[in-house]
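The values are calculated or read from the model by the stated rules, or taken from the named source; none is laboratory data. Source: prediction; values computed, not measured. FYI the Cβ positions are ideal-geometry reconstructions off the backbone, even for glycines, and counts take in every protein chain you see. Ligands, DNA and RNA are excluded from the accessible area calculation, which covers all protein heavy atoms including side chains. Shrake-Rupley method; radii C 1.70, N 1.55, O 1.52, S 1.80 Å.
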Amino acid sequence: MVGTGGPVATFSVWDYVVFAGIILAAAGVGLFQAIRGRKETSSEEFLLGGRQMTAVPVAMSLTASFMSGITVIGTPAESYRFGSAYWIFGFAYAIMSAISAEIFVPLFYRLGVTSAYEYLELRFSRPIRIIGTSMYIVQTLISYYSVTGLDLWGVLVATGVVCIIYCTLGGLKAVIWTDVLQMVVMLAGFVAVIARGAVLQGGLTKIWEDAGEGGRLQAFDFDPDPLKRHTFWSIVVGGSIMWASIYSINQSQVQRYISCKTLGHAKMSLYVNMVGLWITVTLAVFSGLTMYSIYKNCDPLSNGDVATPDQLFPYLVMDILADFPGVPGLFVAAAYSGTLSTVSSSINALVAVTVEDFILPVYKDLTQKQVSWMNMGLSVFFGGVCIGMAGIASLMGSVLQAALSIFGMISGPLLGLYLLGMLFRTSNSIGGLMGMIIGLVLTLWVGIGGQLYPPTAEKTNPLPLNTAGCNNTINQNYTTITPWTSPVTLTPEPEPPLADTWYSLSYVYFALLGVLTTIVSGLLVSVITGGCKQEEMNSELFVRKNDLICFSWCNKSKESDITEKPSANIYMGDDNPAFKEDDMMSKDVEKNTKL
């Protein structure tokens with residue numbers, strides 16, 4: 001009987017067929033794009049899709065990259081254990097989208113960069129660019145300890161190999177169009193779980209009522225205490241900065257929207273992506289509430305049916321969908337599509353920053369053919385590294401909070417460095433470097449301290465669970481494990497004085513701490529080291545009010561005669577400045593002259 005504990009069914013033949021079919025279909029889309037563009041072998045085409053992508057597929061790719069295994073598996077478990085507060089991240093996604101679209105996209109687009117970290121050299125110095133790129137690579141590789149949630153080594157390697165093939169042959173264009181299919185599959189996995197749960201529980205209303213009775217709908221906690229794990233303020237304020245640090249300067253995301261053919265398409269891709277994120281988080285949270293409605297009287301984690309919270313959602317799928325051959329395969333495909341999307345986007349981004357930031361500045365005489373082969377070789381290399389990292393993660397288990405903490409600890413100071421350069425003309429290289437180092441030290445200090453000395457249940461606020469209705473615990477001498485009890489009483493080790501304060505800071509605030517520390521300390525050091533006496537700098541390196549959509553609309557009628565091209569279509573901005581015919585011709589002439 002569903003929801004009463006005990007072992008569940010395993011994969012059937014049809015589950016394997018459905019899973020393999022979806023993965024091969026995704027690979028087919030990527031290979032089709034690779035074959036379709038086989039004559040276009042330039043580095044620009046491989047890394048940025050020729051800068052001719054449109055808003056909708058890029059938006060779906062941005063969303064699919066976000067929907068890694070930690071989202072498909074971790075978010076429902078988060079909702080099941082802690083309630084629906086995670087849904088408030090929808091407000092953070094809106095703020096993040098506005099920050100990215102109105103401040104960062106125009107700047108990167110105007111400069112025509114391939115690597116987001118090129119800006120750091122233009123604004124500060126080459127050493128800072130190298131440090132920023134290195135931080136991104138380290139963060140990306142470390143994050144693979146947390147992007148998977150299922151322990152299936154064979155499938156992991158197989159999907160990784162498929163990913164490497166289409167990334168190597170098709171570049172960014174293959175990645176984006178494959179992401180579109182993967183996003184549809186992931187959303188279908190959530191819908192299948194919710195639909196089946198509604199049938200079993202007697203409708204969506206019953207699921208909602210059970211969630212309310214279990215305290216899972218008390219999402220809006222307005223307590224300003226920064227030590228509480230999730231409150232309205234921590235998610236909206238801290239979460240906005242955390243996700244801005246991911247979408248605004250992370251190469252995996254930047255590389256997508258600067259591949260758009262116009263600035264309008266680039267901005268639109270982020271706003272459409274925002275809607276995609278809303279749909280995703282809503283379905284993921286409601287899947288968690290569905291899981292609670294089914295297991296409200298028999299928690300699989302407390303009952304010993306699963307070992308970690310990240311196994312809860314896969315357990316639910318096999319428990320309620322095993323009678324429908326092929327549907328569990330759809331879920332596993334959804335989970336691995338998330339991982340596949342994250343891996344493929346990161347492979348392409350890692351290749352871009354390695355080539356643009358480390359190789360081309362040193363070896364300037366490389367031919368286009370040599371660069372193309374280098375791109376493909378690096379795709380294979382980074383793909384192998386990512387498979388290894390994800391494999392280690394499958395042995396260790398994954399945690400949603402751990403993945404987001406990693407991004408916050410490293411991306412927060414890096415975002416602070418960008419804002420320092422974009423908003424303050426007095427900042428210099430010394431101030432930027434020292435500010436980033438101080439910010440990174442503080443975020444790593446609080447983040448690692450929080451892992452060593454986890455906050456108490458009073459701060460994390462896990463909701464109660466029970467095993468009263470479990471078949472294999474009835475009439476047994478069994479101790480229920482709740483968030484506040486343990487079957488074994490141990491003498492706690494003495495904790496440092498900072499454990500209940502500094503180390504208990506909500507992980508959502510890590511990025512905000514890094515941003516503020518980097519900006520404030522960077523400004524102070526810049527002023528001390530002569531930042532106010534710098535020569536006049538290129539105004540293209542700073543945020544301009546005309547970049548903002550509110551100002552551009554007001555000035556649209558005045559500038560239309562100059563900026564717009566005659567077209568029957570809706571105006572979506574000027575062509576990508578990095579992909580104009582004259583520029584490309586001049587680059588080809590220059591390369592031929594060198595040869």
For Val272, the accessible surface traced by a 1.4 Å probe with all protein chains present amounts, in square angstrom to the nearest 10, to 50
Burial-style ranking of 96-106, 285-295, average other-beta-carbon count within 10 Å with highest first, yields 285-295, 96-106
Non-local residues with an amide H under 5 Å from the amide H of Met53, with H modelled 1.01 Å from N and Pro and chain starts lacking one, are Cys260, Lys261
Ranking Tyr257, Tyr16 from most to least accessible area with a 1.4 Å probe gives Tyr16, Tyr257
Sorting Cys298, Cys532 on solvent-accessible surface, 1.4 Å probe, most exposed first, gives Cys532, Cys298
Lys and Arg at +1, Asp and Glu at -1: neighbours of Thr231 with Cβ under 9 Å from its Cβ sum to -1
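Would you mind calculating the gained length between Ile359 and Thr205 on full extension (0.36 nm times residue separation, minus the Cα-Cα distance), in nm to one decimal?
Values: separation 154, 0.36 × 154 = 55.44 nm, distance 5.79 nm.
Here the segment from Ile359 to Thr205 would lengthen by 49.6 nm.
Within the set Lys173/Lys267; Lys228/Lys296; Lys206/Lys459; Lys261/Lys369, which residue pairs have Cα atoms separated by over 28 Å?
On the way: Lys173/Lys267 18 Å; Lys228/Lys296 25 Å; Lys206/Lys459 30 Å; Lys261/Lys369 24 Å.
Exceeds cut-off: Lys206/Lys459.
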Ranked output for segments 228-236, 358-366 by mean other Cβ atoms within 10 Å, highest leading, reads 228-236, 358-366
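At R0 = 56 Å, how high is the FRET efficiency between Asn546 and Thr10 if r is their beta carbon distance? Nearest 0.05 is fine. Write out the running numbers ahead of the final one.
Numbers: r = 59 Å, r/R0 = 1.06.
Efficiency for this residue pair is about 0.40.
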